[in-house]
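Have a look at the structure below, then the notes.
The values are calculated or read from the model by the stated rules, or taken from the named source; none is laboratory data. Small disclaimer: the values here were computed from a predicted structure and weren't measured. All Cβ positions, glycine included, derive from the backbone under ideal geometry; neighbour counts span all protein chains shown.
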Amino acid sequence: MKGVMRFGKKGKHSPRYISPYKISKRVGNIAYELELSSELAAVHMVFHIYMLNKCLGDLALIVTIKNIGIKDNLSYEEIPIQILDHQVCKLRTEDVASVKVLWRNQFVEEEILGS
């Protein structure tokens, strides 16, 4: 489509939403102006209310892109920090090992690490 800006991939693998942005002011009854980042300078700042979703996220859980190190092909490398649990399951003729790993930039419930 001409004049449409795409974020990353197109089709069913394209992102549905992009980062939470603050509302700077209300424009009329059904439109809002957002505080967009400099990367989205080409995008018009006013959006219809149906294009917006309420973000109720915990700010402590937001991981910045700079900390992850996303590459040009939208991939990143995970670094294992600690092995939390392991078990071996018996399948008919084979033993299959299963390992629970704590990765960098991932969060773990306190119950797992508490005991």
- [ ] Report yes if some residue within region 32-54 is in contact with a helix residue (DSSP H, G or I) (Cβ under 7 Å, 6 or more places away or on another chain) and modelled with pLDDT of 90 or more; otherwise report no.
- [x] yes
Open item on the list: Considering only region 2-14, I want to know if a residue exists there that is modelled with pLDDT of 85 or more and either surrounded by 10 or more Cβ atoms within 10 Å (Cβ to Cβ) or within 26 Å of ARG104 (Cα to Cα) (or both).
Closed with: no
Open item on the list: Can you list residue pairs whose Cβ atoms sit under 6 Å apart, with the first residue in region 68-88 being closer than 21 Å to SER98 by Cα and the second being surrounded by fewer than 10 Cβ atoms within 10 Å (Cβ to Cβ) and at pLDDT 85 or above? Count only pairs 6 or more apart in sequence or on different chains.
Closed with: GLN87/SER98; VAL88/ASP95; VAL88/ALA97
